[in-house]
1. Under a crude label model (7 Å from the Cα following the beta-carbon direction), how far is THR77 from ASN117 in nanometres?
2. Which aspartates and glutamates have a Cα lying under 17 Å from the Cα of LYS242, excluding residues fewer than 8 positions away in the same chain?
3. Beyond 32 Å between alpha-carbons counts as too far, so tell me which of LYS7/LYS248; LYS107/LYS280; LYS53/LYS227; LYS139/LYS284 fall in that bin.
4. Tell me, what HN-Hα J-couplings in whole Hz come from the Karplus equation 6.51 cos²θ - 1.76 cosθ + 1.60 at θ = phi - 60° for each residue of the stretch 157-173, using x for Gly and Pro?
5. Hey, what do the phi angles of the stretch 62-76 turn into as Karplus ³J(HN,Hα) couplings, whole Hz, using 6.51/-1.76/1.60 and θ = phi - 60°, x for Gly and Pro?
6. Dipole size in debye (nearest 20) for the stretch 2-234 around its Cα centre, Lys and Arg Cβ +1, Asp and Glu Cβ -1?
7. Using a 10 Å cut-off around each Cβ, can you sort ASP244, ASP22, ASP92 from fewest to most neighbouring Cβ atoms?
8. Could you name the aspartates and glutamates whose alpha carbon sits less than 17 Å from that of LYS188, not counting residues in the same chain fewer than 8 places away?
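Read-outs: derived from the displayed coordinates by stated rules, not from any lab. Small disclaimer: the values here were computed from a predicted structure and weren't measured. Ideal geometry is used to build each Cβ from the backbone, glycine not excepted, and the neighbour counts take in all protein chains shown.
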Amino acid sequence: MIISGKKLANNLFLAPMAGFSDVGFRAVCAYLGADVTFSEMISSQALKYSSKKTLDMTITHPFEKVKIAQIFGHDCTDMANASISPALSGFDAIDINMGCPAPKIYKNGDGAALLNNLSLASKIIQAVVSASNKQVSVKVRLGDKQSNIAEIVRVCQESGASFITVHGRTSEQGYSGNVNLEAIALAKSVAKIPVVGNGDVFDIQNYKKMLSTDVDGVMIGRGAVGKPWFFAELLNKPYENKIDLIKKHISILKEHYPEKWLVLYLRKHFLAYASALAVKGEDKKLLATSDSIEKSLEVLSSYNKLF
Ligand SMILES: Cc1cc2nc3c(=O)[nH]c(=O)nc-3n(C[C@H](O)[C@H](O)[C@H](O)COP(=O)(O)O)c2cc1C
């Protein structure tokens with residue numbers, strides 16, 4: 001795939017993940033092989049007020065090759081304005097969230113709720129495409145209660161989306177059941193724009209199954225949480241000591257965020273790293289309640305094995 005004039009080496013995408021896709025994590029995933037990294041979803045409303053929390057989500061890193069800012073909302077003007085916000089100037093492209101089923105998003109008519117209102121979805125895409133001089137993509141689920149992915153693809157491409165990412169579940173499904181690869185294959189077969197397949201890629205077998213749908217790219221979310229080296233593993237590339245990679249994640253964050261905030265924020269990443277490093281019992285508890293980044297790193301280091 002080519003995005004914003006940049007040819008992707010491996011067509012591997014890191015998913016937008018609210019609360020996880022911080023700049024340090026994205027940078028390390030990019031360093032380990034992700035061609036495209038997405039910001040956490042950013043509220044078009046919040047961008048209007050340039051809150052510190054929102055601006056914090058817009059920090060990027062030179063390791064990131066193709067950087068995409070994901071925005072959400074249901075108002076065409078707000079979405080168009082958000083896409084041209086100076087805060088997003090460091091990103092190569094804009095993605096519109098039409099797949100988030102979280103109640104606080106969905107009930108507001110944002111995210112996956114737009115899959116029930118494709119005429120508004122189309123207007124939002126068109127408004128963002130005409131406002132922004134960047135490529136605009138859309139991330140969707142298969143539908144709300146039932147799959148109507150062929151129609152969704154048609155609406156997105158006719159409205160000017162340059163590619164579409166399809167998480168192969170309906171909103172109603174949440175994360176239950178398995179990802180529907182047939183529906184992703186259907187999306188690809190009807191699409192004239194590139195399709196990125198997403199959902200349940202946790203190992204090389206799932207990755208190959210996703211590729212067998214003929215998608216143009218593969219997006220990975222949970223498979224990379226606590227395991228950014230998953231990208232290198234998929235590409236069969238050697239990577240350095242895991243603790244050094246975790247330290248890289250942290251040191252990038254330390255450049256931008258205060259230690260006091262990071263201590264609490266990093267607990268969830270440390271727990272995710274703990275799962276990947278098979279950290280046990282009491283040590284896991286220690287990470288969950290840690291008030292020292294150094295202490296947490298010591299715990300993880302004691303489980304670290306060189307590959
Ligand atoms: C903690 C978490 C936060 C997420 N936040 C977002 C988000 O901000 N925007 C979005 O489009 N999808 C979000 N998602 C969905 C993922 O991008 C992805 O579509 C989903 O997890 C399926 O991919 P996976 O099976 O590889 O994890 C989130 C998922 C998780 C687990």
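1. 1.6
2. Straight-distance partners of LYS242: GLU233, GLU294, GLU298.
3. Numbers: LYS7/LYS248 26 Å; LYS107/LYS280 39 Å; LYS53/LYS227 26 Å; LYS139/LYS284 34 Å.
Beyond 32 Å: LYS107/LYS280; LYS139/LYS284.
4. Computed from phi, the couplings for the stretch 157-173 are 6, 5, 8, x, 5, 8, 7, 9, 9, 10, 7, x, 9, 7, 5, 4, 5 Hz.
5. Once rounded to whole Hz, the list reads x, 5, 5, 8, 10, 10, 10, 8, 9, 10, 9, x, 10, 9, 4.
6. Values: 23 positive and 20 negative charges, 27 e Å.
Result for the stretch 2-234 is approximately 120 debye, rounded to the nearest 20.
7. On the way: ASP244 10, ASP22 23, ASP92 19.
The most exposed by this proxy come first: ASP244, ASP92, ASP22.
8. GLU151, GLU158, ASP214, ASP216
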